[in-house]
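S.K.: Take this structure first; my questions come after.
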C-alpha cells in the first residue's frame, strides 16, 4: 500500500508547485493509473514515491512505513521501476539485466539464475533462447518485457511504471497490456502507473487519478471517471466518446443475453427465438431463423463471452449485422445480443453493476 | 651491400632498438592512460545545476581546465618539449618517458570525458531508479559503456606516441629514433639511407604489433552487446 500525505514539490525558482498538497492512497494489490496532460505532475508524483525526486514537504508511506527520509538507493532496491525506453543495460546479457537488483541485495548466483528463468517464463520469453542474448538483439516489445521482468526480480511489493508501453506500436502494446493484466493476476503488486493514454488507463486501472497542473482533480474507478467527471477539466480531458468507451468496461459474461437455439431443437423454432445452424462441433455457421428478420441475408458474426460489449459492437459493425451470437470457449452459442439492446438498456445479471 | 644484408648484419642492434621503442611507448601510454582515465572518472559528473553551487562545479572546472591545459601541451613541438625538460631531468630514458607521457594525456582524457558524458541518460536514470548508488553507477554502468571510446583514445594516442618517441633520440632517449637520427646526421655516408629506411620500417612494425594487441584487448574487454 502506498500513501502520499500532503506531498508537495516546488522547484527552486518557481512560484507554481509542480505537485501541490497531494493526498493519495493506493490500496494494496491495485493498479492506480496517474493520468493528465503534459506537465500536470503525474510523473513528478510517481518519482516522489521512490524518491528519485525529493518532495519539498509531506510524507510518503509504504505499507505503513515512513520512507520520506530513508536512504534513497536502498529504498529504490525495494521498489520495482519501469521506464518508457526500457533502460536495459546494453552491456549486460538479458539474464544479468534481470538479476541486477537481486545481485545488489546479495542473492547467490544459483538463486538469481533460477529467478531470471522464472521471470522470463512469466513474461512469455523462452529462457534458453533469451537469457544469454543482449538487449540490442531484442525487439522493442521484447525489451519492454525484460524491463518488467527486471522490475519484478527482487519481488518488490510496490511497482512504479512510467509510460512503459508508450514507445511500442499499438498492436504489440495491446498484447503487452493483456499480458501485463495476466501477470498482475498472478503477482498482485501495488502499482502506480503513469500514462497519457485514457484508453490504457481505462483498460488497466483499478482506479484512475486525473492530474492537472499539479493538483489531483479526480480519483475514482474508471467507470466513475468516465460517467461522472468531477469537474469541467476532467470532463474535457475524458472528452467525447465516454459513453462508447464505457462499453469496454461491460463484460459480456455479466449480461443477461437473449436466448438462442440451435437447429437441433427446431421444433419450437417459430416462437420468436433466433435459431442458428451449427456445424459438427456445435459452432454457429449461419442464421436459420430470425424473428421479424431476414435470416438468410444476415451475416453470422460471433463474439467470445470473455469479451466486452465493445467487442460485440465492433464485430456487429464489421459484419453489418444487427445482432451477434455470443459464444463460449469452444465456440458454442450461449446467447444473442441485439444492436437495439445498446440503447434499450443492457440487462446485467447482478444488481446495480 | 643491399638492404637485406644490412638488416642481417645489424640484426642484434635493430632488434634491441625495436624492443626498446616498443617498451618506452608501452610505459608512457600506460602511465598516461592511467592518469587520464582516473582523472576523467573523477571529474565527469555531467552538467551541474547552474542555480546551485556544489562540489560538481569544482569537478567541471578541473575537467574543462584539464582538457585545455593538456591540449595546449600537445601544440608544443615535441622537439622543444624534450629540450625543455633537459635541465630538469637530464638526458636519457627518464626524460623520454616523461615527455611521451605528457603527450598521451590529452587524447585519452578527452576520450574518457566524452565517453562518460555521452552515456545514454535513460540507462543512467533507470540504474538510479533500480537503486544503484552513484559510485556503482559510475563504475559498473558508465565506465564499461564508455570503455570502447576510451580504448579507442588509447589506441590513437599509442600511434602518435610511436612517432614522438622517435624524436626522443635527440635527448638520448631509447628506441628506433637512434637509428633514424644516426642515419639522417650521416647522410651520404655508407648505409645511412638503410638506417633511415630500417628505422621507419620498424616503426611501422611496432605500430602493427600494437594494433594487433589492441584488437585483442577490444575483443576481450568489450561485451558483445555493445560491440560495433
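Just so you know, all these numbers are worked out from the coordinates, no wet-lab data involved. Quick caveat, the model's predicted, so the values are computed rather than measured. Positions of Cβ are generated from backbone atoms using ideal geometry, with glycine treated the same way; all protein chains shown enter the neighbour counts.
S.K.: Grab the beta carbon distance between residue B:89 and residue B:159, set R0 = 30 Å, and tell me the FRET efficiency rounded to 0.05.
M.R.: Working: r = 25 Å, r/R0 = 0.84.
According to the calculation, E is roughly 0.75.
S.K.: At a Förster radius of 41 Å, what calculated FRET efficiency corresponds to the Cβ-Cβ distance of residue B:209 and residue A:213, to the nearest 0.05?
M.R.: So the FRET efficiency works out to roughly 0.05.
S.K.: Follow-up. Explain nothing, just the number: relative contact order of region A:142-217, from Cα pairs under 8 Å at least 6 residues apart, as a whole percent.
M.R.: Numbers: 42 pairs, mean separation 23.9, N = 76.
Relative CO of region A:142-217 lands at 31 percent.
S.K.: Right, here's the next one. Within 10 Å of each residue's Cβ, count the other Cβ atoms and sort B:21, A:289, A:196 from fewest upward.
M.R.: A:196, A:289, B:21
S.K.: Please report the relative contact order for region A:2-249, taking Cα pairs under 8 Å with a sequence separation of at least 6, and give it as a percent rounded to a whole number.
M.R.: So the answer I get is 27 percent.
S.K.: I'd like the antiparallel share, as a percent to the nearest 5, of DSSP beta bridges with both residues in the protein assembly as shown.
M.R.: In the protein assembly as shown, DSSP labels about 55 percent of beta bridges as antiparallel.
S.K.: For the residue pair residue B:1 and residue B:134, what label-to-label distance in nm results when each label sits 7 Å from Cα along the Cα-to-beta-carbon direction?
M.R.: Taking the two extended label points, one gets 6.5 nm.
S.K.: Cut-off 17 Å, label point 7 angstrom out along Cα-to-Cβ of residue A:1: give me the residues of region A:169-202 whose amide nitrogen falls inside.
M.R.: Correct set: A:189-192.
S.K.: Need the C-alpha centroid separation for region A:1-69 versus region B:56-131, integer Å.
M.R.: Going from one Cα centre to the other spans 43 Å.
S.K.: If you average the C-alpha positions of region A:125-161 and of region A:175-218 separately, how far apart do those two centres end up, in angstrom?
M.R.: Between the Cα centre of region A:125-161 and that of region A:175-218, the gap is 20 Å.
S.K.: Another one. Roughly what % of Cα-Cα distances in chain A sit above 39 Å, to the whole percent? Walk me through the numbers before you get to the answer.
M.R.: Numbers: 18622 of 62128 pairs.
Taking all Cα-Cα pairs of chain A, the fraction more than 39 Å apart is 30 percent.
S.K.: Compute the acute angle (0 to 90°) between the alpha-carbon long axis of helix B:93-117 and the principal axis of greatest extent of the alpha-carbon atoms of chain B; round to the nearest 10°.
M.R.: The angle comes out near 30 degrees.
S.K.: Give me the number: length gained by fully extending residue A:110 to residue A:28, i.e. 0.36 nm times residue separation minus the C-alpha to C-alpha distance, one decimal in nm.
M.R.: Going from the current span to full extension adds 26.4 nm.
S.K.: Taking chain B as the reference, fit the longest principal axis to its C-alpha atoms, fit the long axis of helix B:11-43 to the helix C-alpha atoms, and give the angle between the two in degrees, 0 to 90, nearest 10.
M.R.: 20
S.K.: Specify the angular offset, from 0 to 90 degrees and rounded to the nearest 10, of the alpha carbon long axis of helix A:140-152 from the longest principal axis of the alpha carbons in chain A.
M.R.: Roughly 60 degrees between the two axes.
S.K.: While we're looking at this one, here's another question. Nearest 5 is fine: what % of DSSP beta bridges in region A:170-329 come out antiparallel, could you say?
M.R.: 65
S.K.: Still on this structure, please answer the following. Per-residue counts of other Cβ atoms within 10 Å, averaged by peptide: what ranking do you get for B:149-159, A:104-114, highest first?
M.R.: Most protected by this proxy first, the peptides run B:149-159, A:104-114.
S.K.: I would also like to ask the following. For all pairs of alpha-carbon atoms in chain B, what percent lies in each bin of width 10 Å, listed from the first bin to the last filled one?
M.R.: Each 10 Å bin holds this share of Cα pairs: 8, 27, 28, 19, 11, 5, 2, 0.
S.K.: Another question, then. Relative to the present Cα-Cα distance, how much length would full extension add between residue A:258 and residue A:196 at 0.36 nm per residue of separation? Walk me through the numbers before you get to the answer.
M.R.: Values: separation 62, 0.36 × 62 = 22.32 nm, distance 3.81 nm.
The residue A:258-residue A:196 span can extend by a further 18.5 nm.
S.K.: Further question on the same structure: How do B:36, A:306, A:235 rank when sorted from fewest to most other Cβ atoms within 10 Å of their own Cβ? Walk me through the numbers on the way to the answer.
M.R.: Working: B:36 27, A:306 13, A:235 16.
Listing B:36, A:306, A:235 from fewest to most nearby Cβ atoms yields A:306, A:235, B:36.
S.K.: Just to confirm my numbers, what's the Cα centroid distance between region B:132-167 and region B:196-228 in Å?
M.R.: Result: 15 Å between the Cα centres.
S.K.: What is the gain in length, in nm to one decimal, between residue A:172 and residue A:15 on full extension, counting 0.36 nm per residue of separation less the C-alpha to C-alpha distance?
M.R.: Extra length available between residue A:172 and residue A:15 comes to 52.4 nm.
S.K.: Using r as the Cβ-Cβ distance of residue A:231 and residue A:68, and R0 as 30 Å, what FRET efficiency do you calculate, to the nearest 0.05?
M.R.: Once rounded, the FRET efficiency stands at 0.50.
S.K.: For region A:252-344, calculate the relative contact order in percent as a whole number, restricting contacts to Cα pairs under 8 Å that are 6 or more residues apart.
M.R.: Details: 174 pairs, mean separation 24.0, N = 93.
Value for region A:252-344: 26 percent.
S.K.: Mean residue ellipticity at 222 nm from the helices of the protein assembly as shown, using -39,500 (n - 2.57) per DSSP H segment of n ≥ 4 over the full residue count, to the nearest 500 deg cm²/dmol?
M.R.: Numbers: 24 runs with 289 residues, N = 581.
After summing the helix terms and dividing by residue count, I get -15500 deg cm²/dmol.
S.K.: Could I have the simple spin-label model distance between residue A:244 and residue B:219, label points 7 Å from Cα toward Cβ, reported in nm to one decimal?
M.R.: Each label point is offset 7 Å from its Cα along the Cβ direction, giving 6.1 nm.
S.K.: Rank the residues B:193, A:92, A:193 as a footprinting-exposure proxy: fewest other Cβ atoms within 10 Å of their Cβ go first. Walk me through the numbers on the way to the answer.
M.R.: Numbers: B:193 16, A:92 20, A:193 27.
Ascending number of Cβ neighbours within 10 Å: B:193, A:92, A:193.
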